[in-house]
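**Q** The structure under discussion is supplied below as structure tokens; questions concerning it will follow.
The values are calculated or read from the model by the stated rules, or taken from the named source; none is laboratory data. Source: prediction; values computed, not measured. All Cβ positions, even for glycine, are placed from backbone atoms using ideal geometry, and neighbour counts span all protein chains on display.
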């Protein structure tokens with residue numbers, strides 16, 4: 001059987017995304033035939049024994065599943081938490097095992113994808129695929145046209161009382177990017193809510209609710 005890159009192989013089996021597999025590999029948590037794996041290693045699934053966190057990974061692919069979740073506030077967008085806090089994994093079925101694609105910070109809400117398909121996770125998160133991510137950001141006060149221009153691909157979504165909601169589109173996903181931008185413009189963020197990733201929209205999902213991706217949504221991501 002042809003050799004396959006370790007991160008691709010484990011991603012296809014639903015262990016984690018390719019990027020996460022590379023992190024786990026660097027963390028010395030994967031062995032191939034008894035030796036520590038290194039990034040870039042290749043394996044023959046029919047011959048090699050791959051162990052992740054002391055668990056043998058069998059070369060039997062799981063059923064691939066895809067969930068869209070409306071993440072509530074104060075829920076972590078990670079697979080686990082050493083402090084026992086609730087994570088997005090707690091809000092979807094436990095079998096087959098899935099992992100979150102990308103992140104929303106602890107106080108932010110909205111659309112997050114969970115899957116065991118590492119290849120799809122790469123298409124959603126890697127900048128080369130140019131999947132836009134759209135957010136509604138509510139800040140205190142009115143927003144000047146000058147500050148709006150400095151926010152990049154942004155427009156006023158609504159304005160009432162002493163709050164303004166801005167619709168912001170991002171094509172890269174740096175950590176806390178919107179909050180840091182608002183802070184640099186002296187804008188106090190009241191609410192940050194993601195409403196779409198590429199063709200996938202959150203629509204009427206209530207906080208904590210999830211649904212499966214439709215076939216049309218899956219096809220549009222894979223194009």
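**Q** So how many residues does region 124-137 have that are surrounded by fewer than 17 Cβ atoms within 10 Å (Cβ to Cβ) and either within 22 Å of residue 203 (Cα to Cα) or modelled with pLDDT of 95 or more (or both)? Steps first, please.
**A** Kept after step one, since they are surrounded by fewer than 17 Cβ atoms within 10 Å (Cβ to Cβ), are these residues of region 124-137: 126-130, 132.
With the extra rule that they be either within 22 Å of residue 203 (Cα to Cα) or modelled with pLDDT of 95 or more (or both), the set shrinks to 130, 132.
Of the residues in that region, 2 qualify.
**Q** Within region 86-153, considering only strands (runs of 3 or more DSSP E) that don't extend past its boundaries, which have at least 2 residues that are farther than 25 Å from residue 64 by Cβ and touching a residue at least 24 places away in the same chain (Cβ under 8 Å)? Before the answer, list the steps.
**A** Values: elements: 99-101, 109-115, 133-140.
Passing ranges, in order: 133-140.
**Q** Also: Failed condition for residue 208, given (1) within 19 Å of residue 101 (Cα to Cα); (2) in contact with a helix residue (DSSP H, G or I) (Cβ under 9 Å, 6 or more places away or on another chain); (3) outside the structural domain of residue 98 (by TED's automatic domain parsing), with all others met?
**A** Single failed check for residue 208: (3).
Residue-by-condition table, conditions (1) within 22 Å of the chain's Cα centre (by Cα); (2) surrounded by fewer than 16 Cβ atoms within 10 Å (Cβ to Cβ); (3) over 20 Å from residue 108 (Cα atoms):
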residue: 161; (1), (2), (3): no, yes, yes
residue: 164; (1), (2), (3): no, no, no
residue: 170; (1), (2), (3): yes, no, no
residue: 175; (1), (2), (3): yes, yes, no
residue: 185; (1), (2), (3): no, yes, no
residue: 194; (1), (2), (3): yes, no, no
residue: 213; (1), (2), (3): yes, no, yes
residue: 219; (1), (2), (3): yes, yes, yes
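Table: residues versus (1) under 27 Å from residue 219 (Cβ atoms); (2) in contact with a strand residue (DSSP E or B) (Cβ under 7 Å, 6 or more places away or on another chain); (3) touching a residue at least 12 places away in the same chain (Cβ under 8 Å).
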{"site": "6", "(1), (2), (3)": "no, yes, yes"}
{"site": "19", "(1), (2), (3)": "yes, no, yes"}
{"site": "43", "(1), (2), (3)": "no, yes, yes"}
{"site": "47", "(1), (2), (3)": "no, no, yes"}
{"site": "55", "(1), (2), (3)": "no, no, no"}
{"site": "63", "(1), (2), (3)": "yes, no, yes"}
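**Q** What are the residues in region 1-34 that are in a strand (DSSP E or B) and in contact with a helix residue (DSSP H, G or I) (Cβ under 9 Å, 6 or more places away or on another chain), if any?
**A** Applying the first criterion (in a strand (DSSP E or B)) to region 1-34 yields 4-5, 30-32.
Selection gives 4, 5, 30, 32.
Table: residues versus (1) under 30 Å from residue 11 (Cβ atoms); (2) touching a strand residue (DSSP E or B) at 6+ places or on another chain (Cβ under 7 Å); (3) loosely packed, with under 14 Cβ neighbours inside 10 Å; (4) modelled with pLDDT of 95 or more.
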residue: 95; (1), (2), (3), (4): yes, no, yes, no
residue: 112; (1), (2), (3), (4): yes, yes, no, yes
residue: 139; (1), (2), (3), (4): no, yes, no, yes
residue: 143; (1), (2), (3), (4): no, yes, no, no
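**Q** Now for a different question. Across region 35-64, which residue is surrounded by the fewest Cβ atoms within 10 Å (Cβ to Cβ) among those that are at pLDDT below 90 and in contact with a helix residue (DSSP H, G or I) (Cβ under 7 Å, 6 or more places away or on another chain)?
**A** 61
**Q** Take the residues of region 145-156 that are in contact with a strand residue (DSSP E or B) (Cβ under 7 Å, 6 or more places away or on another chain) and farther than 24 Å from residue 221 by Cβ: which is surrounded by the most Cβ atoms within 10 Å (Cβ to Cβ)?
**A** 154
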